[in-house]
Amino acid sequence: MATETTFDIVIAGGGTAGCALASRLKQGNKSLSIALIERGSDDHTNELVMNAWGRTRLEGAGLDTPYPTVPQKHMDDRVIKLHAGNVLSGSSAANAGFWMRPDRKDLDLWAGHLDGEEGSERWTYQGLLPHLKRIESHWDREGSDREAHGFDGPFKTRTSPELPLRQPIHDGLVSLGFEDNPDNLNGTPFGIGRHCDNWTPLRQPAAAVYDLSGVSVITNATIHKILLEKKYGQDVRATGVQLVDGRKFLASKEVVLSCGAYRTPQILLLSGIGPAEDLFRHGIETIVDSPHVGKTFFDHSGIFIPWKLDSAAAEAGLAMGHPKYMANPSFKGATPIDWMTIGALDPSALQKQLQKDSPTASISPTHPLLAHRAHYWLATTYYASGSISGEGMQEIPFDGNYITFSTLNFLPTSRGTITLSSSNPLDYPVCDPNYFATEHDRFVLREGIRQILRLAQSEPLQPYLSPTDQLAPTNFPPLSLSTTDADLDARVRRSAITIHHGMGSASMGKVVDAKLRVKGVRGLRVCDASVFPGPLSATPQAVVYAVAESCAEMMVGELA
Ligand SMILES: Cc1cc2nc3c(=O)[nH]c(=O)nc-3n(C[C@H](O)[C@H](O)[C@H](O)COP(=O)(O)OP(=O)(O)OC[C@H]3O[C@@H](n4cnc5c(N)ncnc54)[C@H](O)[C@@H]3O)c2cc1C
């Protein structure tokens, strides 16, 4: 017979946010009984997880799940794989370790999605700052803004040692007009900043960093749905979760859903919380008609352009794969990136794109995307790989001959969906990020690519690169500054990739309120990247942790 076990709090999903939340709740109120229920195993200290280069083998080991998208209309109908961790620690056990903090304006806009609701100030830059500080041991104790950083938090961050092309890349960026930003992690990320990550060089997965003692961690346990109680004349109430094997974990106080941006909306839908017509199609009774569940999904996508080094530069061992580079002890375990450069785009050009996307509206110069925003990144990596360079790209040897330039669209306006493929909880949800559906998003990537081309052609990089030695997919010419918009768009359709930052599929203001409570249900919150109401000009993990810390603080206060 299926068992029933009761806890005060049941957290569904032991990922990045779930582990942080469970740990901080327990630390904040020792008397709470907490179940943390995770689909994957507890193998989060597996060598493949801990070692930066093991990441590519996680899928084969069952520690990572690739969620296929539907064919992407604006990407030559390509099916893109959206990876997510499938192990205690979630995607923090699978990610690339970039540790970034967004432009403060991005977070201030979050509160705007809450229409002045009580508690919305929690979701501003200043509101999240104590939590962003609390989680980090910032790498630059001496040189950074002390008001902006934490130095005793659980995540140790670091930057790379001086890699071989640091100075010419820097000087190339300066020639493009970028200025140095000595602290790009203080909410003002613009310009040339040091790249930062949270490797030591070993990974720091959430469950290894956050103390889970006293929390009942249940692994290899896949949740089917939230148990909901509907009594006449009363609000719907969450009473626990049911697993696919029939076991039930009941919550006397609250259930928190932390299954990540792909599975959280799926579980809400399977539980009868979602758009009534979608639920009807799958024979699921509508318990709460919540029209926005899964409807405001977005992701970061960008393009990685490989370049062959000049033969003398390659022979000097300037890139990864060359024996000289690999033998340098200070490069061992270092992330092969020197600079994270963040740029804003010309507002008048952007305004035209936004106008094309909304032909019947008048785009005001005060539109939030026209403020000085962090629209794109420019980065250089000391190796190249066919798999991140998009479809049709040849295999690229790991031999010290290649580097990669990349750009990323940080603030997409395209919105996609996560919907049900069936009522079977073991099936993948239907993931449609709807990449590059807007003129805005295509424009940002075109401009980012043009910045890459300017950088690669800049005088400081001339001794190391030949402009003609750029690699391109089969049947595509190398890109140049005279490549037309149409041809740049065609290349983006063929080569752009995701960097696995799914967000916003159960967003604040739409599906959850300012306290992350699911609207229309008592005793149920969402705490993970699904709740992000708008995109961020940063890789998301630091903000996911800060959201979990903030949620824990809120819950501990309420439960006192
Ligand atoms: C390959 C990759 C590279 C990335 N690189 C970076 C980077 O460099 N820097 C950065 O800042 N961010 C990066 N990210 C993004 C970042 O890691 C995620 O945004 C963040 O970890 C998401 O946290 P989360 O808590 O929302 O979800 P997750 O951490 O994915 O947690 C969800 C958890 O729920 C579990 N789960 C799902 N369904 C069920 C179910 N039915 N029952 C029980 N458990 C379930 C999952 O197994 C998982 O453990 C990367 C992500 C990936 C995948």
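FYI, it's all coordinate maths here, none of it is from the lab. Remember, it's a predicted structure, so these values are computed and weren't measured experimentally. Heads up, the Cβs are rebuilt from the backbone with ideal geometry, glycines too, and the neighbour counts pull from every protein chain shown.
Figures for the structure shown
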read-out	value
Residues ARG373, ARG57, sorted so that the one with the fewest Cβ neighbours within 10 Å comes first	ARG57, ARG373
Degrees separating the helix 166-175 axis from the principal Cα axis of the chain, which is the longest one	80 degrees
Inter-centroid distance (Cα atoms) of region 405-458 relative to region 1-71, Å	27 Å
Percent of alpha-carbon pairs separated by more than 30 Å within the chain	49 percent
Rg [Å, one decimal], Dmax [Å, integer] - region 444-496, C-alpha atoms	11.2, 32
Percent of beta bridges antiparallel (DSSP, the chain, rounded to nearest 5)	65 percent
Cross-link partners of LYS332 among aspartates and glutamates (Cα-Cα below 17 Å; sequence separation of 8 or more within a chain)	GLU47, GLU162, ASP197, ASP399
Region 299-323 and region 186-261: distance between their alpha carbon centers, rounded to Å	38 Å
Order by protection proxy (mean Cβ within 10 Å, highest first), peptides 9-21, 215-227	9-21, 215-227
For region 18-32, 3J(HN,Hα) per residue [Karplus equation, 6.51 cos²θ - 1.76 cosθ + 1.60, θ = phi - 60°, Hz, x = Gly/Pro]	x, 5, 4, 5, 4, 5, 5, 5, 5, 5, x, 8, 4, 7, 6
Fewest-first ranking of ASP211, ASP106, ASP432, using other Cβ atoms within 10 Å as the exposure measure	ASP211, ASP432, ASP106
Proximal lysines relative to LYS356, as straight alpha-carbon distance under 22 Å, when same-chain residues fewer than 8 apart are discounted	LYS73
Lysines with Cα under 24 Å of LYS248, excluding same-chain neighbours fewer than 8 positions away	LYS26, LYS30, LYS225, LYS230, LYS231, LYS519
Neighbour-count order for GLU59, GLU4, GLU142, fewest beta carbons within 10 angstrom listed first	GLU142, GLU4, GLU59
